[in-house]
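Participant: Quick one: this structure, given as structure tokens, is what I'll be asking you about.
The values are calculated or read from the model by the stated rules, or taken from the named source; none is laboratory data. Keep in mind it's a predicted model, so treat the numbers as computed, not measured. Positions of Cβ are backbone-derived with ideal geometry, glycine not excepted, and every protein chain shown enters the neighbour counts. Ligands, DNA and RNA are excluded from the accessible area calculation, which covers all protein heavy atoms including side chains. Shrake-Rupley method; radii C 1.70, N 1.55, O 1.52, S 1.80 Å.
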Amino acid sequence: MTDVASALTDIAAELAVPVGELDAFVFRRVDGGRMVHLGGGGRAHGWAGVIEIHLESEPLIRHAWQMRRPVVEAGPSTTRAFGPYWATSTIIVPLQPDQLVVFGSTDRIRVPDAQTIEDLSWRLAAQVAAVSPAKRLADELEMLHAVRRATATTATTVQDAAEHIVTAAAEALSCELGLLWLPACDVLAVVDRGPMTALPKVTADSPPDGDGLAVMMEQLLAHRELLPRCQQDNALSPLPSPLDAGSAVVAWYAVELMEPEDGLLLLCHTVAKPRGFTLLCQQIGSRIAEAAATPLATAVAHERLNVELARASDEARRDPLTGTANRLAWQEALSELMRDRRGDSASVIMLDLDELKQVNDEYGHRAGDDMLRAIAAVLLGATRARDVVARVGGDEFAILLPTTDETDCRNIVDRIGERIADLQPIGQHAITASIGWASCTGPGSLDEVLRAADRRMYEAKNARTQR
């Protein structure tokens, strides 16, 4: 057993707590009221070199230092003792001229007499002279690993990238709650790792308050001159609602994201495991926020590219005059339905606009364009979202009606006819159209339906011209 371990075993026995439940910190004053943590046991061992305290901002420690004797703090629940450390029972022991020892536990500590606790403190302090190089190297590697983990994502959407980053950051800092907000991208990523949720409970009268969280993040970012900002006790300097002092949040750290858009990373500890943020935690959070620029910029560029590709694809399949699908989109829709149809009914409507050439000749192509747009509006308004309305020729339109039987198809044809009859004429020319349609059920061939609908359309057109 090492000298430190031996000392901790004896101290734990004297304080009547299991050695695994004892935290023992050794501080040294380096200048003025600033003290640095050198090492110890329990949580203090892992926090060596990553805690600094200042007498002017730590009332309990300042009081003990001024009194020159041990100070005991114990209560019914876990509270902040100093810096990021929370405990149920704490004993603060000043050792002149420049050392300080703190014992703490989430269990109730038995308090020995002042001389005994001072002797135990001197024994521990004698074993802790400085932070070891191995510990400092381990901290550097921990920070490097955390940053790599946060940036190692192939996410192609900003939302997915943000969720990956905030999850990695919350895990790296052992936080129960993390939020990442990118207002320009309209993205709010939230990870709530529990087990006691920090978010407001959802009831029938209280829907998920995503808007409230975004407003809270906006309020924090509005004071960017204060960022990065660490609050070790949310009760003393609370977040805005809904994560104010009445929430489960006990401590929080907020850091601004600069690229590719303004944003905010907020990491919180909760009542599930009360604690604050060491200097190392704050450094890791800031490094992750800086490194987040690369995956977020990649995701933003990917999303913009996808938007442009989708726009170009839509334009390539859209008739610019009428807003309906064009022949390319029509052929693709037919091929897809032929490939995926499993014996469902399907129908096709073919429509040829009458007297378009005469209108163009008499009133100009602008009038003819108005005529085409009017027919297109009727067809789009008379069909359903799943139907495909396409302009497949100069004056010819086609409608593909998936899962539509003969009766439903006939109803749509009648509706189209009624609405065309209500259109205003172009000069002396009433807007009319020749319509053909056909349906199939079961294994019927869609090619046969197309031919039948086309044949009926031309029969209707010939009948109209012979009147």
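Participant: If each DSSP helix of 4+ residues adds -39,500 (n - 2.57) and the sum is divided by the residues in the chain, what number results at 222 nm, nearest 500 deg cm²/dmol?
Facilitator: Details: 14 runs with 199 residues, N = 467.
Only helices count here, giving -14000 deg cm²/dmol.
Participant: Let me ask something else. Let a ≥ b ≥ c be the square roots of the eigenvalues of the Cα gyration tensor of the chain; is it rounded (a/c under 1.5), or, if not, prolate (a/b larger than b/c) or oblate? List each step's numbers first, then the result.
Facilitator: Numbers: a/c = 4.06, a/b = 3.78, b/c = 1.07.
Judged from the Cα gyration tensor, the chain comes out prolate (a/c at least 1.5, a/b above b/c).
Participant: Taking 8 Å as the Cα distance limit and 6 or more residues as the minimum spacing, I'd like the relative contact order of the chain as a percentage.
Facilitator: Across the chain, relative contact order equals 11 percent.
Participant: Convert each backbone phi in the stretch 95-109 into a coupling constant with the Karplus relation 6.51 cos²θ - 1.76 cosθ + 1.60 (shift: θ = phi - 60°), then list the ³J(HN,Hα) values in order as whole Hz, x for Gly and Pro.
Facilitator: Calculated HN-Hα couplings, in order: 10, 6, x, 9, 10, 8, 10, 10, 10, x, 6, 7, 8, 6, 8 Hz.
Participant: What does the accessible area per residue of the chain come to in Å², with a 1.4 Å probe and no ligands, DNA or RNA counted? If you can, show how the numbers build up before the last one.
Facilitator: Details: 22550 Å² over 467 residues.
Accessible area per residue: 48 Å².
Participant: Out of residues 5 or more away from Leu257 or on other chains, whose amide H comes under 5 Å of its own, with H placed 1.01 Å from N in the peptide plane?
Facilitator: Gly263, Leu264, Leu265
Participant: Can I ask one more? Determine by what factor the alpha-carbon radius of gyration of the stretch 1-155 differs from 2.2 N^0.38 Å, reporting the quotient.
Facilitator: Details: Rg = 16.4 Å, N = 155, 2.2 N^0.38 = 15.0 Å.
That works out to 1.10 for the stretch 1-155.
Participant: Distance between Cα centroids, the stretch 415-467 to the stretch 372-397: provide it in whole Å.
Facilitator: For the stretch 415-467 versus the stretch 372-397, the Cα centre distance is 12 Å.
Participant: Taking Lys357 as the anchor, which aspartates and glutamates have their alpha carbon closer than 14 Å to its alpha carbon, excluding any fewer than eight residues away along the same chain?
Facilitator: Asp369, Asp370, Asp395, Glu396
Participant: Protein chains only, probe 1.4 Å: how do Cys185, Cys440 rank by accessible area, largest first? Walk me through the numbers on the way to the answer.
Facilitator: Details: Cys185 45, Cys440 15 Å².
Descending order: Cys185, Cys440.
Participant: Separate question: Can you give me the solvent accessible area of Lys357 with a 1.4 Å probe, rounded to the nearest 10 Å²?
Facilitator: Approximately 140 Å² for this residue.
Participant: For Ala291, what charge total do you get from the other residues with a beta carbon under 13 Å from its beta carbon, if Lys and Arg give +1 and Asp and Glu give -1? Present the calculation step by step, with values, prior to reporting the outcome.
Facilitator: On the way: positive: Arg148, Arg149, Arg287; negative: Glu259, Glu290.
It works out to a net charge of +1.
Participant: Also, I was wondering about something else. Give the residue from Val392, Pro425, Ile412 lying farthest towards the positive end of the charge dipole for the stretch 387-451; charges sit on Cβ (+1 for Lys and Arg, -1 for Asp and Glu) and the dipole is referred to the Cα centre.
Facilitator: Pro425
Participant: While we're here: Compute the distance from the alpha-carbon center of the stretch 33-62 to that of the stretch 292-355, in whole Å.
Facilitator: Computed from Cα coordinates, the inter-centre distance equals 63 Å.
Participant: So which aspartates and glutamates pass the test for Lys273, namely a Cα distance under 12 Å, with those fewer than 8 places away in the same chain ruled out?
Facilitator: The qualifying aspartates and glutamates are Glu176.
Participant: Considering only Ile51, Ala272, Ala325, whose Cα is most displaced toward the positive end of the charge dipole of the chain, charges sitting on Cβ of Lys, Arg (+1) and Asp, Glu (-1)?
Facilitator: Of the options given, the answer is Ile51.
Participant: Compute the orientation-averaged projected area for the stretch 302-377 from the convex hull of its Cα atoms and round it to one decimal in nm². Write out the running numbers ahead of the final one.
Facilitator: Details: hull surface 29.7 nm².
For the stretch 302-377, the mean projected area of the Cα convex hull comes to 7.4 nm².
Participant: Measure off, as a whole percent, the carbon and sulfur share of the 1.4 Å-probe accessible area of the stretch 78-152, all protein chains present.
Facilitator: Carbon plus sulfur share of accessible area: 57 percent.
Participant: Once the Cα atoms of the stretch 268-402 are picked out, what are the Rg and Dmax in Å?
Facilitator: In Å, with Rg to one decimal and Dmax whole: 26.5, 83.
Participant: Magnitude of the Cβ-charge dipole of the stretch 219-311, K/R +1 and D/E -1, about the Cα centre, nearest 20 debye?
Facilitator: Values: 7 positive and 10 negative charges, 60 e Å.
Computed charge dipole of the stretch 219-311: roughly 280 debye.
Participant: List, in order, the whole-Hz ³J(HN,Hα) value for each residue of the stretch 236-246 obtained from phi through the Karplus relation with A = 6.51, B = -1.76, C = 1.60 and θ = phi - 60°; use x for Gly and Pro.
Facilitator: Residue by residue, the stretch 236-246 yields 8, 9, x, 5, x, 4, x, 10, 7, 4, x Hz.
Participant: I'd like the Karplus ³J(HN,Hα) series for the stretch 341-352: coefficients 6.51, -1.76, 1.60, θ = phi - 60°, whole numbers in Hz, and an x wherever there's a Gly or Pro.
Facilitator: Whole-Hz 3J(HN,Hα) from phi for the stretch 341-352: 5, 10, x, 6, 5, 7, 9, 9, 10, 10, 9, 10.
Participant: Across the Cα atoms of the stretch 85-155, what radius of gyration and what greatest pairwise Cα-Cα distance (Dmax) are found, in Å?
Facilitator: Over the stretch 85-155's Cα set, Rg and Dmax evaluate to 18.6, 60 Å.
Participant: Between Trp86 and residues 5 or more places away or on another chain, which pairs have amide H atoms under 5 Å apart, with H built 1.01 Å from N, and which residues are they?
Facilitator: Hits under the 5 Å cutoff: Ala81, Gly276.
Participant: Can you give the local net charge around Asp119? Use residues other than it whose beta-carbon is closer than 14 angstrom to its beta-carbon, Lys and Arg +1, Asp and Glu -1.
Facilitator: Details: positive: Arg69, Arg123; negative: Asp10, Glu14, Asp113, Glu118.
Its environment carries a net charge of -2.
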